[in-house]
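Engineer: Can you keep this structure in mind? I'll have questions shortly.
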């Protein structure tokens with residue numbers, strides 16, 4: 001038995017860990033180790049990849065490329081390949097993943113199981129929109145080829161790893177001229193200004209995201225970032241090295257706390273506001289700034305942290321985001337990594353995909369036990385009332401009824417579950 | 001792609017389907033090697049690895065070979081064939097298995113197999129390659145030993161003894177080739193997260209990532225260090241274990 005944590009480090013329960021060493025061996029290796037759930041690179045925040053006291057199937061050894069077509073940009077690879085390895089191998093050859101989240105240290109299987117999104121949702125949708133096919137191993141040993149028109153495909157995109165063990169996938173990459181982005185940094189001083197910027201930018205900018213100082217309540221100030229892929233290598237641009245800093249130990253207390261948060265946020269705002277205007281950036285530091293700091297999750301101390309990410313529908317986005325920010329301020333809580341962005345008006349590829357037309361707010365909170373959970377209940381009630389939903393990749397605590405209310409396709413999805421697969425999250429949200 | 005100009009061009013990997021060897025191959029492919037000869041016992045596994053490397057670097061010329069790793073004549077023939085194609089810049093001898101110690105104690109046939117594949121076989125490959133490398137006066141030969149070879153322990157002394165044989169043999173080659181342009185490197189990985197150690201992970205052992213171990217090996221070979229512990233912390237740990245007085249060591253359950 002091995003103690004396993006997910007990215008939020010909220011629990012250290014022991015698991016029976018079985019490594020899957022290859023596609024051909026997978027069926028035999030999991031045969032006597034069921035029910036379980038796949039564990040990729042452990043970057044989801046809550047319990048979607050955990051199974052306390054039960055089996056975990058580690059998929060990181062499924063990390064081989066299978067085929068790449070340089071003409072069409074179609075890549076076939078195993079499900080444990082990291083998005084980083086795809087990008088580093090293929091960006092120099094002019095191809096990039098169309099959609100990546102704020103870290104590229106996740107597996108292809110994890111990206112599909114959570115149907116992750118990035119800063120360009122209004123243009124390119126979510127990760128699942130670019131999956132052409134995959135092979136799924138059921139726990140009874142059968143292997144199924146899945147294509148976008150099939151129901152099992154739609155259930156597996158955003159399906160929390162509960163429909164089978166993904167062996168390999170076919171991904172459509174998008175052509176790029178190089179690793180560079182032209183960026184524009186715009187400080188804003190109210191939520192209205194944020195929504196105006198988001199509207200104005202939707203047409204001309206592929207990537208849009210904003211950092212928000214959530215201590216400032218609904219009178220929010222923040223930094224709006226937008227970017228497009230550059231056509232050529234900008235003069236004087238230097239490709240950054242792969243230097244990594246490391247958070248070597250877990251401090252005894254969260255470094256993000258009441259005392260540090262206000263100066264942190266003020267400093268961050270000032271530093272970013274100084275960069276206002278046009279710039280150039282390499283895609284790695286622009287898209288995955290935290291990947292440069294290994295083990296950054298340790299800064300929240302031994303009790304770990306929660307991430308709360310919700311989406312609220314377009315029609316009520318402004319008042320709902322204001323109400324969420326006000327509740328956080330009233331609770332005296334706050335978050336350093338607060339991200340606010342809008343999603344485009346696109347149909348989602350998966351039955352349980354998170355993105356919907358509206359605005360999404362993501363916040364990190366150090367785990368302070370009941371105090372933190374109480375705040376989440378307040379935030380939940382705002383999300384529930386406006387018809388929003390929470391993101392399972394980040395969740396460790398949402399009530400089952402909120403999940404059912406936010407994901408109306410749930411009954412359809414449940415028909416496609418593999419009975420040999422169960423996770424801490426699946427038991428929490430559907431009782432099995 | 002740093003220093004492509006002086007990166008090794010022609011690389012031979014024996015036991016290329018081992019997890020550590022595969023990740024070394026990826027590093028070398030990325031660094032700009034031109035020829036990779038992959039040798040292993042299983043043709044199917046080799047094909048998957050070659051497929052992966054071709055996606056990573058389409059320009060890389062990959063040659064896959066299989067052979068008998070326990071027959072001296074077959075080893076000689078294999079090495080002669082490989083070196084006829086050109087003189088290698090790097091040879092990495094990486095094959096091995098992690099035998100079950102208690103089975104080795106009960107069954108001498110299993111014991112003999114374990115000693116053969118982890119000890120005899122790698123040194124025969126090493127001797128065969130060194131002859132060619134000395135003749136051409138260039139290249140680096142790296143052999144994967146193990147921290148287990150540093151001191152016999154009850155939990156794995158059959159494996160440890162085989163790796164100890166490798167260590168002494170490499171030491172002898174290093175002595176013989178002192179001052180020669182041909183370098184000989186002994187690599188000693190600590191417990192690494194690969195298919196070979198899957199059962200250790202099951203028991204809760206803390207294993208180094210295979211990427212990190214491969215990086216240390218590739219860097220160590222490039223630097224031409226005589227001994228590379230991977231990760232480096234094992235140099236310190238094994239120095240302590242080697243020097244523990246017997247009355248302390250004998251009380252330890254390791």
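The values are calculated or read from the model by the stated rules, or taken from the named source; none is laboratory data. Because the structure is predicted, anything quoted here is derived from the model rather than measured. Positions of Cβ are generated from backbone atoms using ideal geometry, with glycine treated the same way; all protein chains shown enter the neighbour counts.
Engineer: Among (1) crowded, with 23+ Cβ neighbours inside 10 Å; (2) modelled with pLDDT under 95, there is one condition residue A:21 misses while meeting the rest; what is its number?
Structural biologist: Going through the list (1) crowded, with 23+ Cβ neighbours inside 10 Å; (2) modelled with pLDDT under 95, residue A:21 breaks only (1).
Engineer: Something else: Counting only residues that are touching a helix residue (DSSP H, G or I) at 6+ places or on another chain (Cβ under 7 Å) and either at pLDDT 90 or above or under 29 Å from residue B:113 (Cβ atoms) (or both), give me the helices (runs of 4 or more DSSP H) lying completely in the stretch B:149-254 with at least 1 of them. Spell out how you get there, then give the answer.
Structural biologist: Values: elements: B:157-176, B:198-202, B:210-223, B:233-243, B:246-249.
In the stretch B:149-254, the matching helices (runs of 4 or more DSSP H) lie at B:157-176, B:210-223, B:233-243.
Residues are listed down the side, and each one gets a yes or a no for (1) closer than 15 Å to residue B:92 by Cβ; (2) under 16 Å from the mean Cα position of the chain (by Cα); (3) surrounded by 18 or more Cβ atoms within 10 Å (Cβ to Cβ):
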site: B:178; (1), (2), (3): no, no, no
site: B:187; (1), (2), (3): yes, yes, yes
site: B:226; (1), (2), (3): no, yes, no
site: B:239; (1), (2), (3): no, no, no
site: B:243; (1), (2), (3): no, no, no
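Engineer: Something else: Pick from A:237, A:230: which is surrounded by 14 or more Cβ atoms within 10 Å (Cβ to Cβ), over 23 Å from the mean Cα position of the chain (by Cα) and modelled with pLDDT of 80 or more? If you could, list the steps in order and put the result at the bottom.
Structural biologist: Numbers: A:237 fails: modelled with pLDDT of 80 or more.
It is A:230.
Engineer: So, in the stretch A:16-27, how many residues would count as being part of a helix (DSSP H, G or I) and either facing chain B (nearest Cβ under 7 Å) or in contact (Cβ under 8 Å) with a residue 12 or more places away in the chain (or both)?
Structural biologist: Residues of the stretch A:16-27 part of a helix (DSSP H, G or I): A:23-27.
Pick out the ones that are also either facing chain B (nearest Cβ under 7 Å) or in contact (Cβ under 8 Å) with a residue 12 or more places away in the chain (or both) and you get A:23, A:26-27.
Within the stretch A:16-27, residues that are part of a helix (DSSP H, G or I) and either facing chain B (nearest Cβ under 7 Å) or in contact (Cβ under 8 Å) with a residue 12 or more places away in the chain (or both) number 3.
Engineer: Look at the stretch B:139-148 and say how many of its residues are part of a helix (DSSP H, G or I) and either at pLDDT 95 or above or over 14 Å from residue B:97 (Cβ atoms) (or both).
Structural biologist: Taking the stretch B:139-148 first, the residues part of a helix (DSSP H, G or I) are B:147-148.
Going one step further and asking which of them are either at pLDDT 95 or above or over 14 Å from residue B:97 (Cβ atoms) (or both), we end up with B:147.
The total comes to 1.
Engineer: Shifting gears a bit: Please work out which residue is nearest to residue A:430 (Cα to Cα), limiting yourself to the stretch A:41-81 and to residues that are in contact with a helix residue (DSSP H, G or I) (Cβ under 6 Å, 6 or more places away or on another chain) and free of Cβ contacts under 8 Å to residues at least 60 places away in the same chain.
Structural biologist: Restricting to residues being in contact with a helix residue (DSSP H, G or I) (Cβ under 6 Å, 6 or more places away or on another chain) and free of Cβ contacts under 8 Å to residues at least 60 places away in the same chain, the top hit is A:81.
Engineer: Another question about this same structure. Can you pull out every residue in the stretch A:37-55 that is surrounded by fewer than 24 Cβ atoms within 10 Å (Cβ to Cβ) and either not in a loop (DSSP other than H, G, I, E, B) or not assigned by TED's automatic domain parsing to the domain that holds residue A:12 (or both)?
Structural biologist: Answer for the stretch A:37-55, where residues must be surrounded by fewer than 24 Cβ atoms within 10 Å (Cβ to Cβ) and either not in a loop (DSSP other than H, G, I, E, B) or not assigned by TED's automatic domain parsing to the domain that holds residue A:12 (or both): just A:55.
Engineer: Report, ordered by the first and then the second residue, all pairs with beta carbons closer than 7 Å, sequence separation of six or more or different chains, a first member in the stretch B:190-211 that is facing another protein chain (nearest Cβ under 9 Å), and a second member that is at pLDDT 75 or above and part of a helix (DSSP H, G or I).
Structural biologist: B:193/B:210; B:194/B:19; B:194/B:20; B:194/B:210; B:195/B:19; B:210/B:19; B:210/B:20; B:210/B:23
Engineer: Got at least one residue in the stretch A:385-392 being more than 30 Å from residue A:301 (Cβ to Cβ), at pLDDT 95 or above and touching a strand residue (DSSP E or B) at 6+ places or on another chain (Cβ under 6 Å)?
Structural biologist: Filtering the stretch A:385-392 for residues more than 30 Å from residue A:301 (Cβ to Cβ) gives A:385-387.
Now restrict to residues that are at pLDDT 95 or above: A:385-387.
So of that shortlist, the ones also touching a strand residue (DSSP E or B) at 6+ places or on another chain (Cβ under 6 Å) come out as A:386-387.
Yes: the stretch A:385-392 contains one or more residues that are more than 30 Å from residue A:301 (Cβ to Cβ), at pLDDT 95 or above and touching a strand residue (DSSP E or B) at 6+ places or on another chain (Cβ under 6 Å).
Engineer: Another one. Looking at (1) within 14 Å of chain B (Cβ to nearest Cβ); (2) in a loop (DSSP other than H, G, I, E, B), which is the one condition that is false for residue A:87?
Structural biologist: Only one criterion in (1) within 14 Å of chain B (Cβ to nearest Cβ); (2) in a loop (DSSP other than H, G, I, E, B) is unmet by residue A:87, namely (2).
Engineer: What about residue A:325, is it part of a helix (DSSP H, G or I), in contact (Cβ under 8 Å) with a residue 24 or more places away in the chain and under 21 Å from residue A:102 (Cβ atoms)?
Structural biologist: Details: part of a helix (DSSP H, G or I): yes; in contact (Cβ under 8 Å) with a residue 24 or more places away in the chain: yes; under 21 Å from residue A:102 (Cβ atoms): yes.
Taking the combined requirement at face value, the residue satisfies it.
Engineer: Tell me whether the stretch B:212-223 contains one or more residues that are touching a residue at least 60 places away in the same chain (Cβ under 8 Å), within 13 Å of another protein chain (Cβ to nearest Cβ) and surrounded by 13 or more Cβ atoms within 10 Å (Cβ to Cβ).
Structural biologist: yes
Engineer: Would you kindly identify the helices (runs of 4 or more DSSP H) lying entirely within the stretch B:19-138 that contain at least 1 residues that are in contact with a strand residue (DSSP E or B) (Cβ under 8 Å, 6 or more places away or on another chain), modelled with pLDDT of 95 or more and within 14 Å of another protein chain (Cβ to nearest Cβ)?
Structural biologist: Working: elements: B:19-31, B:43-56, B:72-84, B:101-106, B:108-115, B:121-136.
Answer list for the stretch B:19-138: B:19-31, B:43-56.
Engineer: Of the residues A:37, A:30, which is away from chain B (no Cβ under 13 Å) and either free of Cβ contacts under 8 Å to residues at least 40 places away in the same chain or under 20 Å from residue A:432 (Cβ atoms) (or both)?
Structural biologist: Values: A:30 fails: away from chain B (no Cβ under 13 Å).
So the residue among A:37, A:30 that is away from chain B (no Cβ under 13 Å) and either free of Cβ contacts under 8 Å to residues at least 40 places away in the same chain or under 20 Å from residue A:432 (Cβ atoms) (or both) is A:37.
Engineer: Name the one entry in A:411, A:419 that is surrounded by fewer than 21 Cβ atoms within 10 Å (Cβ to Cβ) and assigned to a loop (DSSP other than H, G, I, E, B).
Structural biologist: Numbers: A:411 fails: assigned to a loop (DSSP other than H, G, I, E, B).
That would be A:419, the only listed residue that is surrounded by fewer than 21 Cβ atoms within 10 Å (Cβ to Cβ) and assigned to a loop (DSSP other than H, G, I, E, B).
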